[in-house]
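Scroll down for the structure; my scribbles are underneath it.
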């Protein structure tokens, strides 16, 4: 068990005024069998009333509405949690067996799996570790080569990407191998930005694996949200009115 302090902030700046802005934030980490949230505060600016709900994947959702003109939305959380990866979660859902929008393989990715599946044997844990090793050998970590809209197939074709791409590709491989897998967004030892990793279903519980670092998940990982892929876990979603406007996002996070 490890006690950690966490901090996460996002500053959204628009290049023109917007109004009638409805937003949903998946930013408050859940209280689960593997992590106990001892304290957590959420601050949003401009100040606005919010409503707390849960989505279908068990994520905490903070919904709000800004009616008047504004050019920014800032939000931050800070708190303390106890993380214990020796315990396990059992909140299984059949949808995690099936490919989703970001993880759907193309011919290239299927061919990669077909070329390695003969050596993918043993327990579910053995197979997940083998697929993660194979991905680590075939795929390079490089910032700026992909974006949040890049799918597993597109990233694999490029041959490089970031943690989101590693996670989507590994989930795709696991699902091709008949192993249920889900995308996790959260904070980890790589401070300064959010991180993503994968949980796979062993048959009776979830276990975490970090494909970007090719290592098992340990007590230095704090889950913020989970789902079939990035789309289910996006920190912020919103709909607003105004002139066409670009959005600049500045993110900072710390886990100690």
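Does residue 224 count as part of a strand (DSSP E or B) and either in the same structural domain as residue 137 (by TED's automatic domain parsing) or touching a strand residue (DSSP E or B) at 6+ places or on another chain (Cβ under 8 Å) (or both)? Here the answer is yes, as residue 224 does meet what is asked.
If you go through segment 94-112 and keep only what is in contact (Cβ under 8 Å) with a residue 24 or more places away in the chain and surrounded by fewer than 18 Cβ atoms within 10 Å (Cβ to Cβ), you end up with 94, 95, 97, 98, 99, 101, 104, 106, 108, 110. No other residue among 101, 64 is assigned by TED's automatic domain parsing to the domain that holds residue 210 and either in contact with a helix residue (DSSP H, G or I) (Cβ under 8 Å, 6 or more places away or on another chain) or at pLDDT 95 or above (or both) apart from 101.
Say whether the condition of being surrounded by fewer than 24 Cβ atoms within 10 Å (Cβ to Cβ) and at pLDDT 90 or above is met by at least one residue in segment 239-246. Yes. For the criterion of being touching a residue at least 60 places away in the same chain (Cβ under 8 Å) and either farther than 27 Å from residue 52 by Cα or not assigned by TED's automatic domain parsing to the domain that holds residue 240 (or both), residue 164 passes.
Each row is one residue, and each column tells you yes or no for (1) free of Cβ contacts under 8 Å to residues at least 40 places away in the same chain; (2) under 29 Å from residue 7 (Cα atoms); (3) in the same structural domain as residue 193 (by TED's automatic domain parsing).
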| position | (1), (2), (3) |
| --- | --- |
| 115 | yes, no, yes |
| 118 | yes, no, yes |
| 130 | yes, no, yes |
| 134 | yes, no, yes |
| 139 | yes, no, yes |
| 145 | yes, yes, yes |
| 148 | no, yes, yes |
| 151 | no, yes, yes |
| 154 | yes, no, yes |
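Restricting segment 54-90 to residues that are within 19 Å of the chain's Cα centre (by Cα) and exposed (fewer than 13 other Cβ atoms within 10 Å of the Cβ) leaves a set whose member that is farthest from residue 180 (Cα to Cα) is 54.
Scanning for something within 21 Å of residue 223 (Cα to Cα), in contact with a helix residue (DSSP H, G or I) (Cβ under 6 Å, 6 or more places away or on another chain) and buried (at least 17 other Cβ atoms within 10 Å of the Cβ), does segment 12-35 turn up at least one residue? There is no residue in segment 12-35 that is within 21 Å of residue 223 (Cα to Cα), in contact with a helix residue (DSSP H, G or I) (Cβ under 6 Å, 6 or more places away or on another chain) and buried (at least 17 other Cβ atoms within 10 Å of the Cβ).
The values are calculated or read from the model by the stated rules, or taken from the named source; none is laboratory data. All of these numbers come straight from a predicted model, not from anything done at the bench. Cβ coordinates were reconstructed from backbone atoms using ideal geometry, including for glycine residues, and neighbour counts include every protein chain displayed.
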